[in-house]
Amino acid sequence: MKKISLLGATGSIGTQTLEVINSHPDKFSLEAISIGRNIELGLKQINEYKPRLVSVQFREDYDKLLNKIPDNVKLVYGEVGLEEVAANNDADILVNAVLGSVGLKPTLSAIKAGKTIAIANKETLVTAGHIVTAEANKYNVEVLPVDSEHSAIFQCLQGESIQEVEKLILTASGGSFRNLERSQLENVTVEDALNHPNWSMGAKITIDSATMMNKGLEVIEAHWLFNLPYEKIEVLLHQESIIHSMVEFIDGSVIAQLGTPDMKVPIQYALTYPNRIELKEKKRLKLWEVGKLHFSKPSFERYRCLSFAFEAGKSGGTMPTVLNAANEEAVSLFLNGAISFLGIEEAIERALNEHKIVKLPTLEQIDEIDKQTRDFVKKIMVK
Ligand code: NDP
Ligand code: MG
């Protein structure tokens, strides 16, 4: 029986993680969850899954929920609450599916508490990859990928040696605007951007897919998870999202992981690794139905966020922190109707150009630069 704590239970990855847990009650039990502002769904989850510890984002929601939950459930809130759910309980494994760099500190607390980390929250590794990986090594803790591309690579690498890898090939669907030219992006709406062709995901990552910043963040995530230089990481456009990623070895052999697009596969693999168990009601891959798979090279001029991410990753230090914070703030402004779609790129480019890099930042410096970058983006972009 694996005991699980889950950050971001009310989100897209969070709800799918609960489905996986629920479908194998003999294998998994749920210890603790965190919810954000969706307390209506959170309350349903508390009653259905009966975690012993629950954290909500805001004090006012804590007050609202306190009398509605069973007596044996401990309720906490805020950033301290997130850390308690991550670290302060009997769970063996933390699934981090919260959104944004707020996921960093709870991850570090869980590592210190010796818990295995199943990481969906990519902003954590992007903003502070050197600290997370150093801490995981120090406490001898495994960081297992949930993101489908990294899970694919991780699966391709089983039984292989990282020294024999020539390159990692991350596949990308191209997002909502993959059939549009750059000149056609001027007036696209939030609604258009949220309409992803292959995956149903949270709003922020759906926008990140449309700008390709999602793939950029994944390139940096791959660098940290697999300890490979950026020169050995490539992106390939593949519109069907059937090949979830590939590894090319030094002898020219390429191993790929395939399947119908379904996040429950990588979520469950992270929970059962190194074993596999049945995934109930999984839509099976029938290649004769798919017929053809398509591939092309992404253009860095068309997808400028992808080139920002490679550059920030190679520069290292605090550059990825700035990249991530500027992107989080800009996407949030776009979703709220305050800036245009192309304004996201502009905000990130200006924040990166403005920044004076700090080579090996501490957690405090990362925190400070994250805040400064968000303020900078608001100041320059909102008239
Ligand atoms: P969602 O927006 O659907 O869910 C985010 C979760 O985090 C919700 O539970 C939300 O609470 C909670 N949350 C958001 N902000 C805060 C905050 N400041 N404090 C506390 N809780 C907060 O996101 P996704 O599930 O799509 O993505 C989660 C992470 O996983 C992201 O980092 C994303 O990049 C990554 N990921 C997602 C994939 C997907 O298929 N969706 C695939 C691969 C990676 P509430 O809703 O209650 O407000
Ligand atoms: Mg992904």
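Computed quantities for the displayed model
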item	result
Relative contact order [Cα under 8 Å, 6+ residues apart], the chain, whole percent	14
Dimensions (Å) - region 299-383, Cα atoms, principal axes, largest first	35, 30, 17
Exposure proxy order (Cβ contacts within 10 Å, fewest to most) of Ser55, Ser183	Ser183, Ser55
Alpha-carbon centroid distance for the pair region 206-262 / region 105-138, whole angstrom	21
Region 228-348: C-alpha pair distances exceeding 24 Å, %	52
Taking region 218-329 and dividing mean pair separation by its residue count, relative contact order in percent (alpha carbons under 8 Å, at least six apart)	27
Ile242, Ile369, Ile111 arranged by Cβ crowding within 10 Å, fewest neighbours leading	Ile242, Ile369, Ile111
Axial C-alpha extent at least 18 Å, average Kyte-Doolittle at least 0.5 - helices from the chain (DSSP)	319-335
Kirkwood estimate for the chain, i.e. one over the average of 1/r between Cα atoms, Å	21.2
Mean residue ellipticity (222 nm) of the chain, computed from DSSP H runs ≥ 4 via -39,500 (n - 2.57), nearest 500	-14000 deg cm²/dmol
Distance (nanometres) between label positions extended 7 Å along Cα→Cβ at Asn198 and Arg350	3.4
Which of Gly259, Pro361, Met246, positive extreme of dipole for the chain (C-beta unit charges)	Gly259
Over 18 Å between alpha carbons, listed pairs Lys74/Lys264; Lys2/Lys138; Lys215/Lys283; Lys122/Lys204; Lys115/Lys204; Lys27/Lys264	Lys74/Lys264; Lys2/Lys138; Lys215/Lys283; Lys115/Lys204
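Here, each number is a calculation from the coordinates, and none is a lab measurement. Model, not experiment: these values are computed from the prediction. Heads up, the Cβs are rebuilt from the backbone with ideal geometry, glycines too, and the neighbour counts pull from every protein chain shown.
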